[in-house]
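Here the structure is laid out as structure tokens; the discussion comes afterwards.
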Amino acid sequence: MEETLHYLLMANHLMFQKALLTEIKDTGLTSGQPKVLDYLRNHDGAVQKEIAAVCNIEPATLTSVLLGMENKNLIVRKMLDGNRRSLYVYLTKTGKTLAERVADEFAKIETNAFSGFTDQEKEMFIAFLTKVNNNMNREGDVTNDKN
């Protein structure tokens, strides 16, 4: 099979996901929960809408992911100032501990993925992927072909 961008991105995503879920299988986390934990680790108290956008999860799907996390005592959702439209999501003590473990596992997988790369190659690779991501997100139109 020809090594196209779409194939390599999808294959690498699946391998990364599989490696992570294998390492954290004892936690009972589902596939959407690690990235939410990782985001909340550095943005505790985020609004659900923000989490959905940053984690590329549909709002309805995020509601389901968060419910599962709430049931596992990983997060709590709170209204601030009586604003029912904005629920803020906070990690519990258990959630913070698990978020640290997830971050450690992400770091191990990234170290493996970058095996044999120089520091400059790593920086360039991240810069290229960032540019691809920005191009794909530009104006919310993935078919946009502006330069």
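Of all residues in segment 22-41, those satisfying the criterion of being in contact with a helix residue (DSSP H, G or I) (Cβ under 9 Å, 6 or more places away or on another chain) and in a helix (DSSP H, G or I) are E23, T27, Q33, P34, K35, V36, L37, D38, Y39, L40, R41.
Scanning segment 99-124 for residues that are open to solvent by 80 Å² or more (accessible area, probe 1.4 Å) and aliphatic (A, V, I, L, M) gives a single hit, M124.
Scanning segment 71-88 for residues that are open to solvent by less than 80 Å² (accessible area, probe 1.4 Å) and either in contact with a helix residue (DSSP H, G or I) (Cβ under 6 Å, 6 or more places away or on another chain) or of a type in the set (F, W, Y) (or both) returns L74, I75, L87, Y88.
Just one of T22, T4 is open to solvent by less than 60 Å² (accessible area, probe 1.4 Å) and either β-branched (V, I, T) or farther than 22 Å from N137 by Cα (or both); which is it? Testing whether each residue is open to solvent by less than 60 Å² (accessible area, probe 1.4 Å) and either β-branched (V, I, T) or farther than 22 Å from N137 by Cα (or both) leaves just T4. The condition of being of a type in the set (S, T, N, Q) and closer than 17 Å to F106 by Cβ holds for T27. Of all residues in segment 59-87, those that are farther than 16 Å from K35 by Cβ have Cβ atoms under 8 Å from Cβ atoms of residues that are among the hydrophobic types (A, V, I, L, M, F, W, C) and assigned to a helix (DSSP H, G or I), 6 or more apart or on another chain, in R77/L66.
The values are calculated or read from the model by the stated rules, or taken from the named source; none is laboratory data. From a predicted model like this one, the values you see are computed outputs, not experimental measurements. Note: ideal-geometry Cβ built from the backbone for every residue, glycine included; neighbour counts use all protein chains shown. Heads up: the accessible areas ignore ligands, DNA and RNA and are worked out on the full protein's heavy atoms, side chains in. Shrake-Rupley method; radii C 1.70, N 1.55, O 1.52, S 1.80 Å.
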